[in-house]
1. Please work out whether the range 59-207 counts as rounded, prolate or oblate from its C-alpha gyration tensor, where a ≥ b ≥ c are the square roots of the eigenvalues and a/c under 1.5 means rounded, while otherwise a/b larger than b/c means prolate and anything else oblate?
2. Ratio to report: Rg/Rh of the range 140-248, with Cα atoms as the point set and Rh obtained by the Kirkwood method; give two decimals.
3. Mind giving me the nanometre distance, one decimal, between the label points for VAL70 and ASN124, set 7 Å out from Cα along Cα→Cβ?
4. Once you have a ≥ b ≥ c as the square roots of the Cα gyration tensor eigenvalues for the range 219-310, tell me rounded if a/c is under 1.5, and otherwise prolate or oblate according to whether a/b is larger than b/c.
5. So for THR31, THR6, what's the accessible-area order with a 1.4 Å probe, most first?
6. Write down the accessible area per residue of the chain in Å², having rolled a 1.4 Å probe over the full set of protein chains.
7. For PHE82, what accessible surface area do you get with a 1.4 Å probe? Give it in Å², rounded to 10.
8. In Å, what Rg and Dmax follow from the Cα atoms of the range 124-170?
Amino acid sequence: MSVYVTHCDGNYITRVISLEDSLRKNGDSRTLYIIAHDQATRVQIESLNLKFSRVIELSELEQQYPELRVAKMNRSKIEYIFCLSPFVVSYAHFISGSSLVTYLDADLYFFKSPEFAMEGFSENANVSIIEHDFHPKFLHLSEYGTFNVGWMSFRMQKHGNSTLDWWKSACIESTSTSVSEKVYADQKYLNEFSSQFSETQVNYKQGLNIAPWNIENYLQKNTSEIEALSNIVFFHFSGLRIYGKFVVLGLSGYSCTPSRQVKRKVYKPYAKSLNEAGKKLKLNPQADSRKYKLREIFKIILHRDFILNL
């Protein structure tokens, strides 16, 4: 049996609903475990009666793993959220008994069947991870980690998964957002997976985890932009912000100017899905509380890094 797991607070609730919807639209009925960070978020998601999803409040995990409560007291809120990643995977296995648990960041969206992401996952491998695949001009960002946490798949034995257990312990020790040789949040630890655990497999299939930091790289590898966009399995909408009908895409932070096709085939469908999720939850108009600096606004305008969600 195979299951998915993700987690979110109220700020990402429409993203989780869009993620769930994208799984179902692509014919995937596997259970998605949604770890809600608070009661209000849990109640909101449960109100939708999602047939193939189960909502669990974070307090359940904190009861199961008391070390999380200790970690919560010795780091910032965002560092604690990073600490949760391996534990939500472990808990999904604990309550489901599933032999395969795939972690999904809340801001992923599938354009094709998730089965494409699992192709080539060797039976001899216990973990599958994906590189950031940074565009050459952003290779310096590798100091934050070669791999991205957005999609990770773990094969579970009765006793669990040794790589996952190591990652849990490492995250309890530190998920500092101050970059060091071996630590950045939950992410840089993935650099150690291959060297410490031979059962780790890097998933190189094209079209996975396309994101603002690698979309130029991905498009340059293909002769046809339209064909490349149609082959995206899932996109990682990191950096996207909504201000009512105005949607900032998050590409200008990587000095990327999106083409009309990228906006039409990738970002507009996602913005529409977020809007539909907001309607279901009675959260529209959605407005991100984060504000941009003047220099960032200039780059957004320069790169036409926005769409109107009408």
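1. Details: a/c = 1.60, a/b = 1.10, b/c = 1.46.
Judged from the Cα gyration tensor, the range 59-207 comes out oblate (a/c at least 1.5, b/c at or above a/b).
2. Numbers: Rg = 16.7 Å, Rh = 16.3 Å.
Rounded to two decimals, Rg over Rh is 1.03.
3. Between VAL70 and ASN124, the simple spin-label model gives 3.8 nm.
4. Values: a/c = 2.39, a/b = 1.23, b/c = 1.94.
Since a/c reaches 1.5 but b/c is at least a/b, the shape of the range 219-310 is classed as oblate.
5. Values: THR31 45, THR6 0 Å².
Largest to smallest exposure gives the sequence THR31, THR6.
6. Values: 14450 Å² over 310 residues.
Here the per-residue accessible area is 47 Å².
7. Number for this one is 50 Å².
8. 13.5, 44
The values are calculated or read from the model by the stated rules, or taken from the named source; none is laboratory data. Treat the numbers as computed from the prediction; the structure is a model and nothing was measured. Virtual Cβ from ideal backbone geometry, glycine too; neighbours counted across all protein chains shown. When the accessible area is computed, the model is the full protein with side chains, heavy atoms only, and any ligands, DNA or RNA have been set aside. Shrake-Rupley method; radii C 1.70, N 1.55, O 1.52, S 1.80 Å.
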